[in-house]
Amino acid sequence: MKADEIKDPFPNKSGYLDEHAYSGMKIYGNGRPIRLFVAGLHGDEWKDTTEILESIEPPKTGTLALIPLVNNGKYVSTLEADYYPEAGKQILKAIEELKPEIYIELHSYSRENIEKLAGKDRLDRIGVPAYSVLKEGVLLGSVSPLIRKKYFPKEALCLSFEIQKGNIESRKFTALMLDILKETLSRDEFIEYLKKEFPAQAEKAIDDYRRFYGET
């Protein structure tokens with residue numbers, strides 16, 4: 001399926017938050033692997049991320065757990081030590097209960113901030129690797145080390161997607177990636193997909209992971 005074949009994953013531009021102001025978890029399927037996708041983690045990111053999860057179809061195998069809206073309060077970075085125990089406590093609860101092999105966060109960013117996220121100096125500047133640029137303004141990186149190191153084994157797949165705010169093509173491409181990830185069986189399987197479709201980005205992501213976590 002091509003990105004341009006996917007319908008706008010966010011057709012309801014107004015009133016969405018009033019109608020869907022909740023943070024409940026939905027679970028589709030059963031058995032392993034267990035995949036946990038979360039969106040709307042802070043601030044107004046729900047505007048570009050939440051309905052993407054609302055529109056996703058159940059997986060053909062395994063389990064898919066969704067938290068479409070984690071927290072729509074003030075913006076607190078997931079790199080801050082108090083984010084997950086406070087604003088993101090529902091994420092921690094889901095991880096502890098489900099023990100997912102695949103964990104995906106959806107975030108959004110303003111176009112003028114792309115250098116802050118994907119700039120080569122990000123590791124020196126804030127202590128985490130830069131995102132890789134995929135397609136249609138979508139960025140790919142790891143989740144916060146605060147959650148990656150403490151709550152997941154090294155063989156888990158933990159990814160963060162940054163969607164460009166107000167960019168419908170960015171949302172459509174992210175929906176396509178999630179369609180692939182909801183059927184993915186393991187970290188290694190998705191890495192092979194990245195190597196085939198986005199070789200440069202895959203190489204960077206693997207190198208960053210090895211240097212940052214000291215693991216393979």
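What to note about this one:
- Where helices (runs of 4 or more DSSP H) fall wholly inside segment 1-110, the ranges with 3 or more residues that are modelled with pLDDT under 90 are 16-19.
- Taking every residue in segment 80-91 that is more than 13 Å from residue 38 (Cα to Cα) and touching a residue at least 60 places away in the same chain (Cβ under 8 Å) and pairing it with any residue that is among the small types (Gly, Ala, Ser) and surrounded by 20 or more Cβ atoms within 10 Å (Cβ to Cβ), at least 6 positions away or on another chain, yields no pair with a Cβ-Cβ distance below 7 Å.
- As a summary of the residue check, residue 132 satisfies the conditions (1) touching a strand residue (DSSP E or B) at 6+ places or on another chain (Cβ under 6 Å); (2) within 23 Å of residue 88 (Cβ to Cβ); (3) not basic (Lys, Arg) except for the one numbered (2).
- Of all the numbered requirements in (1) over 24 Å from residue 63 (Cβ atoms); (2) touching a helix residue (DSSP H, G or I) at 6+ places or on another chain (Cβ under 9 Å), residue 100 misses one, and that requirement is (1).
- Pair list, Cβ < 8 Å and 6+ apart or interchain, from segment 176-196 residues that are within 21 Å of residue 136 (Cα to Cα) to residues that are assigned to a loop (DSSP other than H, G, I, E, B) and basic (Lys, Arg): 176/2
- Qualifying residue in segment 150-158 (condition: within 22 Å of residue 28 (Cα to Cα), in contact (Cβ under 8 Å) with a residue 12 or more places away in the chain, charged (D, E, K, R) and not in a helix (DSSP H, G or I)): no
- Against the list (1) of a type outside the set (A, V, I, L, M); (2) assigned to a helix (DSSP H, G or I); (3) under 22 Å from residue 189 (Cβ atoms), the condition residue 172 fails is (3).
- In this entry, residue 27 is excluded by the filter for residues that are within 16 Å of the chain's Cα centre (by Cα) and farther than 27 Å from residue 207 by Cβ.
- For segment 126-136, the condition holds for no residue, the condition being that it is under 21 Å from residue 26 (Cα atoms) and buried (at least 21 other Cβ atoms within 10 Å of the Cβ).
- For residue 131: the one exception among (1) within 20 Å of residue 59 (Cα to Cα); (2) within 17 Å of the chain's Cα centre (by Cα); (3) without any contact (Cβ under 8 Å) to a residue 40 or more places away in the chain: (1)
- Complete set of residues in segment 114-149 that are of a type in the set (A, V, I, L, M) and outside any strand (DSSP E or B): 114, 117, 118, 123, 126, 128, 130, 134, 138, 143, 146, 147
- Residues that are out of contact with any strand residue (DSSP E or B) (no Cβ under 9 Å at 6 or more places or on another chain) and small (Gly, Ala, Ser), drawn from segment 110-129: 119, 127
- The listed residue being surrounded by 18 or more Cβ atoms within 10 Å (Cβ to Cβ), touching a residue at least 60 places away in the same chain (Cβ under 8 Å) and not aromatic (Phe, Trp, Tyr), out of 56, 95: 56
Yes or no, residue by residue, for (1) surrounded by fewer than 24 Cβ atoms within 10 Å (Cβ to Cβ); (2) charged (D, E, K, R):
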| residue | (1), (2) |
| --- | --- |
| 24 | yes, no |
| 29 | yes, no |
| 33 | yes, no |
| 38 | no, no |
| 42 | yes, no |
| 47 | yes, yes |
| 69 | no, no |
| 77 | yes, no |
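- Some residue of segment 177-190 being at pLDDT 95 or above, charged (D, E, K, R), within 22 Å of residue 115 (Cα to Cα) and not in a loop (DSSP other than H, G, I, E, B): no
- Residues in segment 148-178 that are under 13 Å from the mean Cα position of the chain (by Cα) and among the β-branched types (Val, Ile, Thr) were compared, and the one that is farthest from residue 108 (Cα to Cα) is 174.
The values are calculated or read from the model by the stated rules, or taken from the named source; none is laboratory data. Keep in mind the model is a prediction, meaning the values are calculated, not measured. Because the Cβ atoms are built from the backbone with ideal geometry, glycine has one as well, and the counts that use them run over all protein chains shown.
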